[in-house]
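Below you'll find the structure, written out as structure tokens, and then a few comments.
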Amino acid sequence: MIYFVTGNRGKFEEALGILGEVEQRNIGYPEIQAEALEDVAVFGIWDVLKRLAGPVMIEDAGLFIDSLRGFPGVYSAYVFDTIGNDGILKLLDGVKERRATFRSVVAYGEPGMEPVLFSGELEGTIALEPRGSGGFGYDPIFRVGEKTIAEMGLDEKNRISHRGVSIRALKVWLSSR
Ligand code: IMP
């Protein structure tokens with residue numbers, strides 16, 4: 001059984017769909033302001049390991065919009081909580097170049113072991129308007145093909161998503177030990 005430390009139920013459900021043996025723990029950890037998701041994840045997992053006798057995992061994600069030079073990136077949580085999806089759509093009003101990438105970094109640790117990282121990406125475009133009611137966060141404005149992620153079911157999102165890729169990489173690593 002792995003403890004997934006997150007306050008985000010959506011993330012947990014996605015991990016559960018892939019790993020099966022995972023339990024949510026909402027005990028928080030410091031999310032440092034760094035330039036890379038990897039740095040945030042490494043700092044976080046060491047903090048979690050001090051308080052929870054592993055196996056433990058955390059995950060840090062971000063939305064990187066090409067025409068905004070990667071913004072909101074590592075600031076994705078703050079930007080979502082302040083200007084939200086409507087704010088992102090306003091920033092891109094009239095902008096034709098709408099490519100964006102979701103990135104996910106999973107950190108996994110056990111007591112007495114150096115933590116390991118797994119990453120995943122999903123390329124798409126920012127929609128012209130929000131669509132769909134599934135998922136969470138930026139899902140209603142992130143398009144892959146004809147659908148936004150919020151118009152996909154959990155399994156469909158997991159098959160293609162940044163987090164699906166990073167968590168499956170963890171799963172492969174765990175089963176190859
Ligand atoms: P964090 O990884 O929890 O720091 O997420 C950063 C921000 O990106 C939060 O506002 C999340 O809601 C959002 N976010 C993270 N993962 C996803 C996703 O899979 N889809 C849509 N938004 C996401």
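The values are calculated or read from the model by the stated rules, or taken from the named source; none is laboratory data. All values reported here derive from a predicted model rather than from experimental measurement. Glycine also receives a Cβ, built like all others from the backbone with ideal geometry; neighbour counts cover every protein chain displayed. Heavy atoms of the whole protein, side chains included, go into the accessibility calculation; ligands, DNA and RNA do not. Shrake-Rupley method; radii C 1.70, N 1.55, O 1.52, S 1.80 Å.
Key figures
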quantity	calculated
Where Rh is the Kirkwood radius over Cα pairs, Rg/Rh for region 94-143	1.19
Percent accessible area from carbon and sulfur atoms, the chain, protein chains only, probe 1.4 Å	51
Highest-first arrangement of 140-153, 81-94, where packing means the average Cβ count within 10 Å	140-153, 81-94
Alpha-carbon radius of gyration plus Dmax, which is the widest Cα pair, for region 37-177 in Å	16.2, 52
Under 22 Å from Lys96, Cα to Cα: lysines that are on another chain or at least 8 residues apart	Lys147
Solvent-accessible heavy-atom area per residue, rounded to whole Å², over the chain at 1.4 Å	51
Most fluctuating residue given options Ser119, Ser166, Ser133, as computed from a GNM of the chain linking Cα atoms under 10 Å	Ser133
Gaussian network model of the chain, Cα within-10 Å springs - most flexible of Val79, Val56, Val105	Val79
